[in-house]
Amino acid sequence: MKIIKITGTVELLSGLHIGGGDDTMKIGGVDNQVIKDANSDRPYIPGSSLKGKMRSLLEWNCRVVGYGDGNPFNSKVLSKIPEVDQKDAQNLLKLFGDKEGEFGITRISVGDCPLSKKSENMVLSEAKYENVINRQKGTAEHPRQTERVPAGVAFDFDIRIKILDEDNEDEFKAMVKKGFELIEMDYLGGNGSRGYGRVKFNLSE
């Protein structure tokens with residue numbers, strides 16, 4: 001077995017909101033804050049958010065969504081997958097893990113993405129007003145503020161993959177890079193339908 005690394009930066013092309021789950025309410029403060037590191041108070045991208053979005057989009061790309069009755073795809077329903085899609089489906093299970101156990105535990109480890117050094121002196125927070133439009137009156141109602149990390153800020157990502165003797169390293173790398181491409185075409189974090197979370201992945205050499 002060997003462990004390989006895929007590293008680089010995630011550059012924000014539009015404001016990013018990944019909620020921090022605050023349990024306190026500040027008078028006059030922002031309603032929906034972004035997640036921040038407890039020690040530095042700087043925003044970061046949780047590895048779980050990046051990994052979950054990547055797996056979800058790859059399941060759609062591999063045409064396996066719907067076979068698991070709304071649950072993550074697993075080997076229990078692998079026999080239902082058309083032969084033409086079997087290879088990608090098996091690599092997906094090897095890479096992200098299989099709760100039924102046929103393909104073992106996850107091979108991929110996606111670390112939290114800290115603020116990139118080049119972004120340390122940038123503005124790291126903006127408050128964007130959101131509201132609901134009354135369909136009859138055409139007026140805005142229920143204004144609220146959502147905190148976002150502004151466009152232009154970058155985060156460092158570090159992904160590690162366990163490669164076993166029977167694995168195809170190139171196929172695993174290609175699947176991860178396809179995941180990056182799909183996220184770039186979709187979005188990361190919340191409120192993507194409102195234009196949040198557009199990102200670009202820049203891989204290290």
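The values are calculated or read from the model by the stated rules, or taken from the named source; none is laboratory data. What you see is a predicted model, and the numbers here were worked out from it, not measured in a lab. Neighbour counts are summed over all protein chains in view; Cβ atoms, including those assigned to glycine, are modelled from backbone coordinates with ideal geometry.
Filtering the range 62-74 to residues that are more than 12 Å from Phe96 (Cα to Cα) and surrounded by 16 or more Cβ atoms within 10 Å (Cβ to Cβ) leaves Cys62, Val64, Tyr67.
Taking first residues from the range 167-179 that are within 11 Å of Arg55 (Cα to Cα) and partners that are aliphatic (A, V, I, L, M) and surrounded by fewer than 20 Cβ atoms within 10 Å (Cβ to Cβ), the Cβ contacts under 9 Å between residues at least 6 apart in sequence or on separate chains come to Val176/Ile6; Lys178/Leu57; Gly179/Leu57.
Mind listing whichever residues of the range 54-111 are within 18 Å of Glu171 (Cβ to Cβ) and of a type in the set (Phe, Trp, Tyr)? Residues satisfying the conditions are Phe73, Phe96, Phe103.
Kindly provide the set of residues from the range 191-205 that are in contact (Cβ under 8 Å) with a residue 24 or more places away in the chain and within 14 Å of Ser56 (Cβ to Cβ), ordered by number. Full working, then the answer.
Let us first name the residues in the range 191-205 that are in contact (Cβ under 8 Å) with a residue 24 or more places away in the chain, namely 191, 194-204.
Correct list: Gly197 only.
Can you tell me which residues in the range 151-162 are surrounded by 14 or more Cβ atoms within 10 Å (Cβ to Cβ) and assigned to a loop (DSSP other than H, G, I, E, B)? Walk me through it before giving the result.
First, pick out the residues of the range 151-162 that are surrounded by 14 or more Cβ atoms within 10 Å (Cβ to Cβ): 151, 153-162.
Answer for the range 151-162, where residues must be surrounded by 14 or more Cβ atoms within 10 Å (Cβ to Cβ) and assigned to a loop (DSSP other than H, G, I, E, B): Ala151, Val153.
Restricting attention to the range 107-135 and to residues that are among the polar types (S, T, N, Q) and at pLDDT below 90, the residue that is nearest to Tyr196 (Cα to Cα) turns out to be Ser125. In the range 145-166, the residue that is farthest from Val123 (Cα to Cα) out of those that are touching a residue at least 24 places away in the same chain (Cβ under 8 Å) and charged (D, E, K, R) is Asp165.
Each residue in the range 163-199 was checked for being surrounded by 17 or more Cβ atoms within 10 Å (Cβ to Cβ), among the hydrophobic types (A, V, I, L, M, F, W, C) and not in a helix (DSSP H, G or I), and 2 of them qualify.
Among residues of the range 40-55 being basic (Lys, Arg) and modelled with pLDDT under 95, the one that is farthest from Thr9 (Cα to Cα) is Arg55. How many residues does the range 76-101 hold that are surrounded by fewer than 16 Cβ atoms within 10 Å (Cβ to Cβ) and either assigned to a helix (DSSP H, G or I) or in contact with a Cys (Cβ under 6 Å, 6 or more places away or on another chain) (or both)? Here the count works out to 8. Selection within the range 81-95: residues that are among the charged types (D, E, K, R) and modelled with pLDDT of 85 or more. The member of this set that is farthest from Ser109 (Cα to Cα) is Lys87.
When the range 6-38 is filtered for residues that are at pLDDT below 95, of a type outside the set (Gly, Ala, Ser) and farther than 20 Å from Tyr187 by Cβ, the ones remaining, listed by number, are Asp22, Asp23, Thr24, Met25, Lys26, Ile27, Val30, Asp31, Lys36, Asp37.
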